[in-house]
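Asker: What follows is a structure written as structure tokens; I'll ask about it next.
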Amino acid sequence: MSFKRALLALSISALTVLPAAAADAVKIGMITTLSGPAGYLGQDVRDGFKLAMALEGGKLGGVPVDLVVEDDGLKPGQGKQIAERFLSEDGIKLFTGIVFSNVAGATVPDIVDAGAFYLSPNAGPSNLAGKECNKNYFVVSWQNDSLHESAGQLATNLGYKTAFVLAPNYQAGKDALAGFKRYFKGQIVGEVYTRLDQTDFAAELAQVRAAKPEVVFQFHPGGLGITFLRQYEQAGLMKEIPMVVAEPSMDGVTLAAVGDAAIGINVSAHWNSDFDNPANKTFMDAWNKTYNRPVTYYASQGYDTALAYASALKATGGNIDDADAFRAALRKADFHSVRGKFSFGPNQHPIQDWYALKVEKGADGKPVIKTVGEVLKDHGDAYSAECKM
Amino acid sequence: MTLFLEQLLNGVQFGIMLFLLAAGLTLIFGIMGVINLAHGSIYMIGAYAGTWVAARTGSFWLGIPAALAAAAFAGLAIEFLVVRRLYGRDHLDQVLATFGLILIFNQAVTMIFGRQPLFVAIPSLLDGSVELLPGLVYPVYRLAIIAVGLLVAVGLYLLINRTRIGMLVRAGSTNREMVRALGVDVRLLYTLVFGLGALLAGLAGFMAGPILAVQVGMGEQILITTFVVVVIGGVGSIRGAFFASLILGVVDTGLRAYLPGLLRHVMVGPDADALGAGISSMGIYLLMAIVLLIRPKGLFIRNS
């Protein structure tokens with residue numbers, strides 16, 4: 001009897017000791033979109049993040065890190081549920097990963113209200129940048145509007161006078177068109193909202209043709225963009241009406257799928273694979289060695305997010321219980337971003353440069369996205385004034 | 001006017017794609033009484049198999065038999081391994097089992113092909129666009145889809161209404177026991193019907209490839225619309241599926257194309273666009289609700 005009891009006591013103590021031992025590694029919860037047509041976006045965010053960890057041998061800023069990844073399936077409700085589980089059952093305090101603004105809108109408030117940190121590797125919806133900003137909410141990628149503001153500026157720089165704009169009917173789509181219009185000096189001759197699950201754009205393309213704009217701006221991330229571009233080309237519009245887009249509509253995967261049809265498209269971006277800085281060289285070398293597939297800016301953002309966490313973990317020696325110290329360390333953004341110059345603005349969203357890229361025929365005959373100039377310098381966002389922290 | 005005609009063609013072409021999916025679905029649902037959510041997965045399998053073969057061999061045309069074979073094989077396997085056990089069961093069990101199949105197929109395709117979309121080029125014969133009327137330029141490939149869909153519709157009509165198999169299928173759907181009593185192997189008949197439905201889904205998937213992106217989850221995007229077609233057309237009616245597909249295709253395209261413009265006459269631009277987009281994405285469901293109110297069994301329910 002006493003032997004049994006001893007055994008029981010031993011196993012219980014083992015149970016309580018084991019998690020304590022594992023708790024040495026700082027847990028980071030990643031909620032991201034891995035399934036469905038947009039699954040490759042989350043996959044690249046995750047793999048970029050993992051790449052930064054791998055380069056440090058499973059650590060970030062010298063602190064062992066345990067990355068827990070869950071798929072939100074592009075469903076806001078599912079993202080929220082995962083966040084609740086991560087918070088209450090796993091006691092996770094550091095979060096990242098969300099790709100889509102509608103998922104972020106449902107999930108991020110729960111996370112920051114619970115006192116945990118969220119570093120966005122992609123989505124930066126306007127409401128969370130302004131009035132609803134939070135001291136524990138950081139965005140490493142961009143504020144949604146900036147992507148499209150830079151495209152608007154690029155279209156203006158290229159001298160276009162009339163534009164037709166299209167985006168899916170959801171928060172990021174509305175932000176996109178608002179952002180483009182804020183910096184485009186010409187006239188908008190047509191504005192169309194598509195469905196987020198739309199697969200056939202023939203009706204919209206016919207409207208574009210009828211409106212005869214000088215340029216088309218469209219925002220369709222992931223698989224949507226591939227579909228849109230291919231149908232645009234098949235309708236014979238690529239030769240008639242040039243296109244200016246922001247980077248979500250023309251990433252490495254889109255280009256690989258669309259091929260030569262994409263040549264001539266103007267893109268505005270905050271990062272490109274050909275950026276000439278040491279951090280980006282390290283990243284690109286590691287990516288090409290590790291993964292046998294095109295790199296996207298989602299991967300670069302996942303990587304940068306890991307670096308941002310690494311900088312704060314390093315400064316605090318891995319102590320995340322002192323939230324104020326951890327936050328102060330994060331705010332310094334003391335890391336070398338793959339995009340070059342980078343800092344956080346007053347609402348903890350990026351202040352960064354935006355570049356003009358163009359799809360051209362590369363040396364090997366395959367189309368490549370080339371950096372050709374600058375569009376905006378030290379660009380923040382329009383909402384930071386509304387943010388009171 | 002040319003814009004209107006172009007939108008009409010767009011609607012017809014979308015409708016034809018829906019028909020290829022809905023025809024299989026309505027056969028399976030109406031005749032066998034099985035709700036098969038995995039129909040979209042078969043569409044995806046057809047698209048992946050055909051696209052993969054087309055990319056490997058460099059020939060679009062070789063992709064067609066590959067897509068058909070893979071989809072039919074997947075359909076028969078699903079029927080044999082899963083659906084066969086569900087004929088007598090509740091619809092809820094069928095939904096649950098076939099939903100599970102969606103997850104399994106999506107994961108399997110992700111593991112084999114990865115998450116990045118596949119690409120298939122349009123064959124040079126069907127590439128480019130033709131000027132149908134002065135000012136009305138339309139992609140050849142979309143015209144080809146319309147042609148193939150119409151051929152399939154005619155073929156199905158003849159099969160169901162003019163052949164012995166078709167007669168048994170019709171009879172089996174109204175009175176399964178009577179057909180069995182006459183010595184017909186109903187089980188084999190069901191397997192054939194399921195295989196035929198899968199074949200059509202695979203064809204639709206492969207034909208959609210060059211227009212849409214071939215990607216994981218592509219089947220689910222269109223599946224709900226397909227169910228709406230089946231409900232509007234009348235469960236089990238191929239004729240119903242055909243006309244409901246065309247109606248739905250044209251209504252959906254028309255709403256998307258013209259509603260925001262109409263609303264802009266009564267309200268400011270961005271609001272009109274957002275509201276128009278909202279209503280047009282609900283349009284087919286509103287249509288379904290109206291049809292169900294007037295004719296609860298669908299527009300083209302078969303005479304029994």
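Just so you know, all these numbers are worked out from the coordinates, no wet-lab data involved. From a predicted model like this one, the values you see are computed outputs, not experimental measurements. Methodologically, a virtual Cβ is constructed for each residue, glycine included, from the backbone with ideal geometry; neighbour enumeration extends over all protein chains shown.
Asker: Please list, ordered by chain and number, the residues whose modelled amide H lies under 5 Å from the amide H of residue A:220; skip anything fewer than 5 residues away on the same chain.
Answerer: Placed amide hydrogens put A:249 under 5 Å from residue A:220.
Asker: Tell me, what are the semi-axes, in whole angstrom and largest first, of the equivalent ellipsoid of region B:232-298 as set by the roots of 5 times the Cα gyration tensor eigenvalues?
Answerer: Each semi-axis is √(5λ); the values are 29, 12, 7 Å.
Asker: Which far-off residues, 5 or more places away or on another chain, put their amide H under 5 Å from the one on residue A:28, with H placed in the peptide plane?
Answerer: A:66, A:67, A:68
Asker: How many angstrom lie between the C-alpha centres of region B:130-178 and region B:235-262?
Answerer: A separation of 17 Å, based on Cα centres.
Asker: Can you run phi through the Karplus equation (6.51, -1.76, 1.60; θ = phi - 60°) for region B:50-65 and list ³J(HN,Hα) in whole Hz, with x for Gly and Pro?
Answerer: Working through the residues one at a time gives x, 5, 5, 5, 4, 5, 5, 8, x, 10, 4, 5, 5, x, 4, x Hz.
Asker: Sorting A:148, A:379, A:349 on the 10 Å Cβ count, fewest up front, what's the list?
Answerer: Details: A:148 31, A:379 20, A:349 28.
Final ranking by Cβ density, sparse to dense: A:379, A:349, A:148.
Asker: I've got another one for you. In nm, to one decimal, how far is the modelled label at residue A:291 from the one at residue B:180, with both set 7 Å along Cα→Cβ?
Answerer: About 5.3 nm separates the two model spin labels.
Asker: With +1 on each Lys and Arg Cβ and -1 on each Asp and Glu Cβ, and nothing else charged, work out how big the dipole of chain B is about its Cα centre, in Debye to the nearest 20. Walk me through the numbers before you get to the answer.
Answerer: Numbers: 18 positive and 12 negative charges, 181 e Å.
That gives chain B a dipole magnitude of about 880 debye.
Asker: Moving on. For region B:155-233, what value does the Rg/Rh ratio take when both radii are computed over Cα atoms and Rh is the Kirkwood radius, given to two decimals? Display every interim value, and only then the final one.
Answerer: Values: Rg = 15.9 Å, Rh = 14.7 Å.
With Rh from the inverse mean 1/r over Cα pairs, Rg/Rh is 1.08.
Asker: Right, another one. How big is the shadow of the Cα convex hull of chain A, averaged over all directions, in nm²?
Answerer: Values: hull surface 82.8 nm².
The number I arrive at for chain A is 20.7 nm².
Asker: Label-point separation (nm) for residue B:187 and residue A:388, each offset 7 Å from Cα along Cα-to-Cβ?
Answerer: 7.4 nm
Asker: Let's see if you can work this out: charge +1 on each Lys and Arg Cβ, -1 on each Asp and Glu Cβ, no other charges. What is the dipole magnitude of the protein assembly as shown about its Cα centre, in debye to the nearest 20?
Answerer: 1620 debye
Asker: Let me see the P(r) profile for the protein assembly as shown: every Cα-Cα distance counted, bins of 20 Å, each bin given as a percent of all pairs.
Answerer: Answer for the protein assembly as shown: a P(r) of 17, 47, 29, 6, 0 percent.
Asker: With each pseudo-label sitting 7 Å past Cα toward Cβ, what's the residue B:87-residue A:332 distance in nm, one decimal?
Answerer: Those two pseudo-labels are separated by 7.3 nm.
Asker: List every residue whose amide H lies under 5 Å from the amide H of residue A:61, counting only residues 5 or more places away in sequence or on a different chain, with H placed 1.01 Å from N in the peptide plane.
Answerer: The list, which skips near neighbours in sequence, is empty: none.
Asker: Beyond 21 Å, what share of the Cα-Cα pairs of region A:135-286 remains, rounded to the nearest whole percent? It would help to have the intermediate numbers written out before the result.
Answerer: On the way: 5012 of 11476 pairs.
That fraction is 44 percent.
Asker: If you average the sequence gap of Cα pairs under 8 Å that are 6 or more apart and divide by the length of region A:225-352, what percent do you get for the contact order?
Answerer: Values: 125 pairs, mean separation 27.4, N = 128.
Once divided by the residue count of region A:225-352, the mean separation gives 21 percent.
Asker: When the distances between all Cα atoms of region B:94-202 are binned every 10 Å from zero, what whole-number percent does each bin get?
Answerer: 11, 24, 25, 25, 13, 2, 0
Asker: Specify whether the C-alpha gyration tensor of region B:1-50 places it in the rounded, prolate or oblate class, a ≥ b ≥ c being the square roots of the eigenvalues: rounded for a/c under 1.5, otherwise prolate if a/b is larger than b/c and oblate if not.
Answerer: Working: a/c = 4.55, a/b = 1.87, b/c = 2.43.
Oblate, since a/c reaches 1.5 and b/c is not below a/b.
Asker: May I pose another question? For region B:184-272, with the dipole built from +1 on Lys and Arg beta-carbon atoms and -1 on Asp and Glu ones, taken about the Cα centre, which of B:259, B:202, B:243 lies farthest toward the positive end?
Answerer: With unit charges placed on the Cβ atoms, the residue in question is B:243.
Asker: Ranked by Cβ crowding within 10 angstrom, fewest neighbours first, how are A:209, B:170, B:295 ordered?
Answerer: Values: A:209 20, B:170 16, B:295 13.
The fewest-first ordering by Cβ neighbours comes to B:295, B:170, A:209.
Asker: Quick check on the protein assembly as shown: helices-only [θ] at 222 nm, where DSSP H runs of length 4 and up contribute -39,500 (n - 2.57) each and the sum goes over total residues. Nearest 500, please. Show your work: numbers first, answer last.
Answerer: Numbers: 25 runs with 396 residues, N = 693.
Calculated mean residue ellipticity at 222 nm is -19000 deg cm²/dmol.
Asker: Can I ask one more? Over region A:292-389, what lengths in whole Å, largest first, do the semi-axes of the equivalent ellipsoid take, defined as the square roots of 5 times the eigenvalues of the alpha-carbon gyration tensor?
Answerer: Working: eigenvalues 203, 71, 17 Å².
Gyration-tensor ellipsoid for region A:292-389: 32, 19, 9 Å.
Asker: Let me ask something else about it. Taking the Cα centre of each part, how many Å lie between region A:249-317 and region A:367-389?
Answerer: Cα centroid to Cα centroid, the span is 16 Å.
Asker: Same structure again: So what's region B:30-97 giving for Rg/Rh, alpha carbon basis, Kirkwood Rh from the mean inverse pair distance?
Answerer: Taking Rg over the Kirkwood Rh, I get 1.12.
Asker: ³J(HN,Hα) across region A:289-296 via Karplus (A = 6.51, B = -1.76, C = 1.60, θ = phi - 60°), whole Hz, x for Gly/Pro?
Answerer: 6, 8, 10, 9, 7, x, 8, 10
Asker: In percent, what relative contact order does region B:243-302 have, based on Cα pairs under 8 Å that are 6 or more apart in sequence? It would help to have the intermediate numbers written out before the result.
Answerer: Values: 34 pairs, mean separation 19.9, N = 60.
It comes to 33 percent, rounded to a whole number.
Asker: Here's a follow-up. Antiparallel versus total DSSP beta bridges in the protein assembly as shown: what percent is that, nearest 5? Spell out each step's value before the answer.
Answerer: On the way: 23 of 55 bridges.
DSSP beta bridges in the protein assembly as shown are roughly 40 percent antiparallel.
Asker: Related question: Write down the Kirkwood hydrodynamic radius of region B:195-266, to one decimal in angstroms, obtained as one divided by the mean of 1/r over all alpha carbon pairs.
Answerer: On the way: mean 1/r = 0.0711 Å⁻¹.
Its Kirkwood hydrodynamic radius stands at 14.1 Å.
Asker: Let me ask something else about it. Exposure proxy check: A:142, B:61 ranked by fewest other beta carbons within 10 Å? Spell out each step's value before the answer.
Answerer: On the way: A:142 29, B:61 10.
Ascending Cβ contact count within 10 Å gives the list B:61, A:142.
Asker: Along region A:205-218, what does the Karplus equation 6.51 cos²θ - 1.76 cosθ + 1.60 (θ = phi - 60°) give for ³J(HN,Hα), rounded to whole Hz, x for Gly and Pro?
Answerer: Once rounded to whole Hz, the list reads 5, 4, 5, 4, 4, 5, 7, 6, x, 6, 8, 10, 10, 9.
Asker: Using the Cα centre of region A:130-289 as the reference point, and only Cβ charges (+1 on K/R, -1 on D/E), how large is the resulting charge dipole? Debye, rounded to the nearest 20.
Answerer: Working: 14 positive and 17 negative charges, 74 e Å.
The dipole of region A:130-289 has a size of about 360 debye.
Asker: Which three semi-axes in whole Å describe the equivalent ellipsoid of region A:29-88, each the square root of 5 times a Cα gyration tensor eigenvalue, listed largest first?
Answerer: 23, 16, 5
Asker: Right, something else. Mind telling me which of A:90, A:175, A:72 comes out most flexible in a GNM of chain A, alpha-carbon contacts under 10 Å?
Answerer: Per the Cα network of chain A with a 10 Å cutoff, A:90 tops the list.
Asker: Please compute the Cα-Cα pair-distance distribution of region B:1-117 with 10 Å bins starting at 0, giving whole percents from short to long.
Answerer: Histogramming region B:1-117 at 10 Å steps yields 13, 35, 31, 17, 4, 0 percent.
Asker: Region A:208-356: D in µm²/s via Stokes-Einstein (Kirkwood Rh, Cα pairs, 37 °C, 0.692 mPa s)?
Answerer: Details: Rh = 17.5 Å.
Roughly 187 µm²/s, to the nearest whole number.
Asker: Going by the alpha-carbon gyration tensor, a ≥ b ≥ c the square roots of its eigenvalues, is region A:82-193 rounded (a/c under 1.5) or, if a/c is not under 1.5, prolate (a/b greater than b/c) versus oblate? Don't skip to the end; give the middle numbers.
Answerer: Working: a/c = 3.53, a/b = 2.69, b/c = 1.31.
Taking the square roots of the gyration eigenvalues as a ≥ b ≥ c, region A:82-193 is prolate.
Asker: Moving to a separate point now. How high is the relative contact order of region A:21-148? Use alpha-carbon pairs under 8 Å, at least six apart in sequence, and give a whole percent.
Answerer: Details: 229 pairs, mean separation 30.4, N = 128.
The normalised contact order for region A:21-148 reaches 24 percent.
Asker: Quick check of the Kirkwood formula: for chain B, what is the inverse mean of 1/r over all pairs of different Cα atoms, in Å? Don't skip to the end; give the middle numbers.
Answerer: Working: mean 1/r = 0.0496 Å⁻¹.
This gives a value of 20.2 Å.
Asker: Over its Cα atoms, what ratio of radius of gyration to 2.2 N^0.38 Å does region A:251-312 give? If you can, show how the numbers build up before the last one.
Answerer: Details: Rg = 13.1 Å, N = 62, 2.2 N^0.38 = 10.6 Å.
Here the Cα radius of gyration is 1.24 times the empirical estimate.
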